[in-house]
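Taking it in order: structure first as C-alpha cells, then the write-up.
Please treat every number below as a calculation from the coordinates, not as lab data. Predicted model only: the values in this text are computed from it and were never measured. Neighbour counts run over all protein chains shown; Cβ positions are idealised from the backbone, glycine included.
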Amino acid sequence: MHGDRPALDSPCAEAITEALALRDRLDAKITEAVGAFDAAELWDLDSATSMTAWLRLHGAMTKREAARVTGRAKKLRSLSITARAWQAGELSGGQVDAMVAVLKPEMLEPFAEQEPELVPSLVGLSVNDTSRAMGHWAAHAAALADEPEPAESKRGLHLSQMLDGTWVLDGTLDAEAGEVVSTALRLGESSDSDAEPSRTPAQRRVDTLADICRFYLDHQHHRPAGRHRPHVNVVVDYEDLAGGGGGRVVDGAVLSGAALQALTCDSALHRLVMSGRSTVLDYGTSTRTIPATLWNALVLRDEHCRFPGCDRQSSWCEGHHVVHIADDGPTCLENLVLVCSRHHHRLHQPGWHAKLRPDATLEVTDPDGRHWCTDPPRAGPLLV
Ligand SMILES: [Zn+2]
Ligand SMILES: [Zn+2]
C-alpha cells in the first residue's frame, strides 16, 4: 500500500505533516488571491458588501474566520517578500499569522522597507520565536519612529459569538477606561459560597462582568417603584416551557432549560402566538411576573441574596419562584425568594432544590443531597 510517499489517509506522523505543509502552501495561494480579489473589489459583482461578507457566503466561513482571512490578505498585499516566502514553504502560516498580528497598519511600511533583511532571519523559527522576534522589531521600530502611538488609536473592544454559543471578548482599553473597568470588576465581585464549587479568578470575572451589565439593564430607566428587567426576546414552544425544555433567543442562540426557567421566573412576559413562522395569531400585552408592590415586599423581607453564604444587595437580585410558574407555583411572598442572578441560575440547574418554609427560612439542597438553611436577615421585628 505504501510507496515512497506516505498515503494521506494513513494515520502516521509523516502523512499528517505532509498534508499540513500542502495545506499551508494552499493557504498562501488563497490569501494572495483573496488580497487581489479584495483590492479590485470584485466581491461587489456578487452583490456582497465586503470581502468578509463574500467569504462568509461563498467560502462558508464564520464571521470571525472571514475577518481574519481578509485582514491577513490585506496586510500581505504590501508585504510581497513575506507572501512569496510563505508560498515557497519557507515561512509557515503560523509564522505569517504571528507577523501579521504584530504589524499594526502604520508599521507595514517600515517593515516592507526592511523585508529583504528581516524575512530571511525569520525562516526556520518556531511560531513563538517568530512572535518574539517581531515583538522586538516592533518595539525598536516604534522607538525609532519617535512618535508614540496615540492611546486613542489602540482602543477597541471585540465581542463575537462562537459556533458553540459561547462568546469571545477581547479588547484594549485606554488608561482611564481600564481603571474604571478594573475597579468595577474588583468591587463588583461576589464571594464563593460553601454550597458551590469554588471558581477560578477568571471565572469570577466573567460572573462579575455579567452582573455589572445586568445591573445596568435593570436600572437603565428611572421608574418609580419599578424595575426595568433586561429585555431579551426568547422564543419558546409552549409545551417546552411547561415541561422544563429549552428555548432560543430570537437571533437563534439556544437557551438551556435551566436558563429559560431562570429568565421566565422573573421577567416581563409578552405573549405572541404564531402559526408557522410568519402568521401572528395573537399579540398580548406584557405582564410582569412579579408586580412592583410584591417586589418591594420581597426586598423588605430578604434584603439580599438568600443563597447560603451570599449577601449580594437586593438591587443586584431577582425574584425566584420556589415552585416555578410553569408548575403552577403562585406569585406570592410565600413562594418567592430574593437571589442574585448567578445563584438564580444555580437554583434552576438540575439536581438543585429550594424549599421555603412558612417562617421564610430557605432550605437549599445540592445535587449531592447536601443541605443548607438561611433565615431572612431580620425575621421577626420587621415582619410582625
Ligand atoms: Zn427562578
Ligand atoms: Zn447570590
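Compute the label zone of residue 44 within segment 53-80: residues whose backbone N is under 16 Å from the point 7 Å along Cα-to-Cβ. Zone members listed by number: 53-54. Annotation: amide H-H contacts under 5 Å for residue 336 (H modelled 1.01 Å from N, sequence separation of 5 or more, or interchain): 322.
In whole Å, what is the distance between the alpha-carbon centres of segment 297-329 and segment 206-220? Measuring centre to centre over Cα atoms gives 17 Å.
Suppose the chain between residue 62 and residue 198 were pulled fully straight at 0.36 nm per residue; how much longer would it get relative to their current alpha carbon spacing? Going from the current span to full extension adds 45.5 nm. Each label point was placed 7 Å from the Cα along the Cα-to-Cβ direction; for residue 113 and residue 88 their separation is 2.4 nm.
Extension gain, residue 370-residue 13: 0.36 nm per intervening residue step, less the Cα-Cα distance, totals 123.6 nm.
In order along segment 198-214, the Karplus-derived 3J(HN,Hα) couplings, from 6.51 cos²θ - 1.76 cosθ + 1.60 at θ = phi - 60°, round to 6, 9, 6, x, 5, 5, 5, 5, 4, 4, 5, 4, 5, 4, 5, 5, 4 Hz, and Gly and Pro are given as x.
Ranked by the mean number of other Cβ atoms within 10 Å per residue, highest first, peptides 201-211, 174-184, 128-138, 158-168 order as 128-138, 201-211, 174-184, 158-168. Once the C-beta distance of residue 323 and residue 173 is scaled by a Förster radius of 41 Å, the resulting FRET efficiency is 0.40 to the nearest 0.05. If the chain linking residue 236 and residue 185 were pulled fully straight, counting 0.36 nm for each residue of separation and taking away their Cα-Cα distance, it would gain 15.0 nm.
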